[in-house]
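One structure below.
The values are calculated or read from the model by the stated rules, or taken from the named source; none is laboratory data. Everything numeric here is computed off the predicted structure, so don't read it as measured data. For neighbour counting, all protein chains shown are included, and Cβ atoms are generated from backbone atoms with ideal geometry for every residue, glycine included. The area values use the complete protein model at the heavy-atom level, side chains included, leaving out ligands, DNA and RNA. Shrake-Rupley method; radii C 1.70, N 1.55, O 1.52, S 1.80 Å.
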Amino acid sequence: MGVAGAERLECIDLSCPDVERLAQQLRKACLETGFFYVVNHGISEEFMAQVFEQSRKFFTLPLEEKMKVYQDENFRGYTPIFDEKLDPAKQRLGDAKEGYYIRREVSGSDPRAKDPLQGPNQWPSPDTLPEWKQTMEMYFDQAEKLSRKLIKLIALALELEESFFDKPGMFDHAMAAVRLLHYPAQASNPEEGFFGAGAHSDYGMLTLLASDGVPGLQICKEKDAKEQVWTNVQPLKGAFIVNLGDMLERWTNNLFRSTLHRVLNYGVERYSIAFFMGPNFDCIVECIPTCCSELNPSKFPPAKSGDHLLGRYKVTHKDYEAVANRKYT
């Protein structure tokens, strides 16, 4: 299991007026690595600095204060260090990171509030962090708009109508989440099974990753290879690193990659912010007709997006059953 230098990713410049060119560039990235940079995306560096500052303010609180918003039955709120184990087969402990889930708000009177993962968010006390909720809600909205713009570009990259994924039942109540992440200054040791984040692919449609500039992200383009080769993905100032998720891989019959990735800590504190964009919980994901044929039949059976997401949570989240069952007791 070696590491081979840095990966050269495609850089998608959303200010480019040539949409066809962007779609072809995106297609190349999706076929080759499933990872790419996005620049000139419309979310200012000044605002991102505010989001990171608010994230740091939360994670520097005493643990007892953070535990007041410990993840609830809808997996919203704080997740302590080692709570998640993304690669159980290889990790001795959980991921050496702490996080915070923020999802789309669903009021208690909404019929969907009874569904898994649905409900109101948890928020730190405004007396402690007065600007926190407003900043995170603004970021959620801006990241979702960017994600929807990229989904239209992905449709064009698949030689489909730009509005292909706008059909009712696909993304009109998307499973979207902000995940604030903090990696303490604790060095990883892959040989001993210690990672910042274990090897995994993401579960939804796509992920936007904002970085504080500290390296650590690695990808493995051939996830089924007997000898995995990992390459470093360097942060790019002002850019999001975007990667594809399992649902898009299923829709495209493995044409577009949901690439294996992990995080190694190098003894330096690191912050990142992930925005996960997935289909509606009840969306049935099955092979797009143009991605299969008699010679290339569908490799996956139809699957409900939410079932896949919860299945992965059950494997990777500590005490998943105890947390989830609080909603029904």
Selected residue [assigned to a helix (DSSP H, G or I) and under 30 Å from MET136 (Cβ atoms)] from LEU236, LEU248, LEU208: LEU248
Residue within region 41-63 that is surrounded by 12 or more Cβ atoms within 10 Å (Cβ to Cβ), within 27 Å of GLU159 (Cα to Cα), touching a residue at least 24 places away in the same chain (Cβ under 8 Å) and within 20 Å of the chain's Cα centre (by Cα) present: yes
Residues within region 266-294 that are polar (S, T, N, Q) and at pLDDT 95 or above, tallied: 2
Some residue of region 25-33 being assigned to a helix (DSSP H, G or I), in contact (Cβ under 8 Å) with a residue 60 or more places away in the chain, in contact with a Pro (Cβ under 9 Å, 6 or more places away or on another chain) and at negative phi: no
Filter result (closer than 18 Å to LEU150 by Cα, in a loop (DSSP other than H, G, I, E, B) and either open to solvent by 20 Å² or more (accessible area, probe 1.4 Å) or not β-branched (Val, Ile, Thr) (or both)) within region 251-265: LEU255, PHE256, ARG257, SER258
Unmet requirement for GLN234, which otherwise passes all of (1) surrounded by fewer than 20 Cβ atoms within 10 Å (Cβ to Cβ); (2) of a type outside the set (Gly, Ala, Ser); (3) more than 25 Å from ASP13 (Cβ to Cβ): (3)
Close pairs from region 202-223: first free of Cβ contacts under 8 Å to residues at least 12 places away in the same chain, partner surrounded by fewer than 23 Cβ atoms within 10 Å (Cβ to Cβ), Cβ under 9 Å, at least 6 apart: GLU222/GLN228; GLU222/VAL229; GLU222/LEU260
VAL268 outside any helix (DSSP H, G or I) and crowded, with 17+ Cβ neighbours inside 10 Å: no
Residue in region 155-178 that is open to solvent by 30 Å² or more (accessible area, probe 1.4 Å), of a type in the set (Gly, Ala, Ser) and either assigned to a helix (DSSP H, G or I) or closer than 30 Å to VAL268 by Cα (or both) present: no
Among (1) modelled with pLDDT of 95 or more; (2) crowded, with 20+ Cβ neighbours inside 10 Å; (3) not in a strand (DSSP E or B), the one test that GLY119 misses: (1)
Selection from region 64-92 of residues that are open to solvent by 80 Å² or more (accessible area, probe 1.4 Å) and not in a helix (DSSP H, G or I): ALA89, LYS90, ARG92
